[in-house]
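Since the structure comes first, as structure tokens, the remarks are kept for the end.
The values are calculated or read from the model by the stated rules, or taken from the named source; none is laboratory data. Values in this document were obtained by computation on a predicted structure and should not be read as measured data. Cβ placement follows ideal geometry from the backbone for every residue including glycine, while neighbour counts extend to all protein chains displayed. Remember, those area values only see protein heavy atoms, side chains included, never the ligands or the DNA or RNA. Shrake-Rupley method; radii C 1.70, N 1.55, O 1.52, S 1.80 Å.
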Amino acid sequence: MPIGPAPSTVTTARLTLRPMSEDDACDQRVLTWHTDPRGYELMYEQPYPDAATASARLRSWADRWSSVGVGYWIAERDGVPVGIGGIDPLTFEGRDHLNLYYRLDPSARGQGLAREIAAAGTAYAAEWWPDRPVLARIAPTNAPSVKVARAAGLLDVGARRAPQDPKDQPAPRLLRSPLARVGPVTAGDPAYDELLDLWCRVNDSGGAVGFEAHAPREAVADALERHLADAGTTLVRLHAPTSLGREDSSPTGQLLGFGFVVRPTHHAVRHRCSLMRVMTDPKQRGANLGRLLMGTLHAHARSQGCELVQIDYRGGTGLGAFYQRCGYVETGRVPGGLRFSFGDRDDVAMTRRLDGLPLRQ
């Protein structure tokens, strides 16, 4: 089930993603996307045989928004439909999940719009439907689609054949969203070493998570242990899924990122929280992991009753634009408030509401 009344419409850099409607199911442009064989050349699936069959399927997709509360979006650019995609509830191998899908008008291909739709879909799922993994089962012949799914944050967990797949072709690849783990780890556990190793790698790559590059490992360990010992702080991790997770979702692969949700103790601000030390593996950049981690942190904070969330960042890093895409607005700035060996930097605070509404109305 979703956490809270999730917004149904999402905006990206170039697109407005809105729920499908009955009118879309009769729109000749949308129907053509699903009946034109040229759009299926790299897929094992076949186009719908006629507009009536395609329209019936599209109506069933549109109904998901009223019956379930989530479904595929129509992607509009400057008010014109250019594609369809997002996430849709399905059952696969006996488990509920969200299916990732994207299809574009021929005139909109080759512009990165499928990647924009897919990345928005996986981020939306991480924040509003965290109990359901996002899956995509893609024919290995469809290399562009595999690339889009990976850029949206999904990871390959192996081949999965279904009864309808052609027997003379390789089994499709199954790609899955990262696994979230919430709760503390203790020094000496492998998970603790993973956290410390990742934090040091992020520092050395120039990441702004409290330290300068090549900070002593002991200093980073001290900071990590202080966070883990704080009763008001919750550790949230993202891990790669593994093939062992087919029947049991508990096994995890490598650590992809983590952050802390910090709850204040004073009664007047208990409806707020802060995010700290938010970081992802620098080797996995460009795979939407930052958005997925932020969504996962937001989902946990919302589940704990938080209404407002704040994050601080080091000026000059470009992080403000990223947090703005995650729904934040700047709410404070101390010019030169942070001092490092390489110079002073602004200390910037950004805040957002966790119900998805604008901070200021």
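Data table
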{"quantity": "Packing-based order for 97-105, 174-182, using average beta carbon neighbours within 10 Å, highest first", "calculated": "174-182, 97-105"}
{"quantity": "Per residue accessible area of the stretch 182-279, 1.4 Å probe, in Å²", "calculated": "48 Å²"}
{"quantity": "Ordering of 225-238, 133-146 by burial proxy (mean other Cβ atoms within 10 Å per residue, highest first)", "calculated": "133-146, 225-238"}
{"quantity": "Whole-percent carbon and sulfur share, accessible surface of the stretch 164-313, 1.4 Å", "calculated": "49 percent"}
{"quantity": "Approximate spin-label separation residue 268-residue 169, in nm, with each point projected 7 Å along Cα-to-Cβ", "calculated": "6.4 nm"}
{"quantity": "Percent of Cα pairs exceeding the 39 Å cut-off, where the set is the chain", "calculated": "19 percent"}
{"quantity": "Packing rank of 327-333, 275-281, where each peptide gets the mean count of other beta carbons within 10 Å, highest leading", "calculated": "275-281, 327-333"}
{"quantity": "Within a Gaussian network of the chain (alpha carbon springs, distance under 10 Å), most fluctuating of 190, 89, 19", "calculated": "190"}
{"quantity": "Rg(Cα)/(2.2 N^0.38 Å) for the stretch 1-49, N = residue count", "calculated": "1.55"}
{"quantity": "Euclidean distance between Cα centres, the stretch 96-115 to the stretch 173-204, Å", "calculated": "30 Å"}
{"quantity": "The chain: relative contact order as a whole-number percent, Cα under 8 Å and 6+ apart", "calculated": "12 percent"}
{"quantity": "Rounded accessible area per residue of the stretch 281-335, 1.4 Å, Å²", "calculated": "46 Å²"}
{"quantity": "Cysteines in the chain lacking a second Cys C-beta under 4.7 Å", "calculated": "26, 200, 326"}
{"quantity": "Kyte-Doolittle mean at least 0.0, axial Cα span of 15 Å or more - DSSP H helices of the chain", "calculated": "113-128, 289-303"}
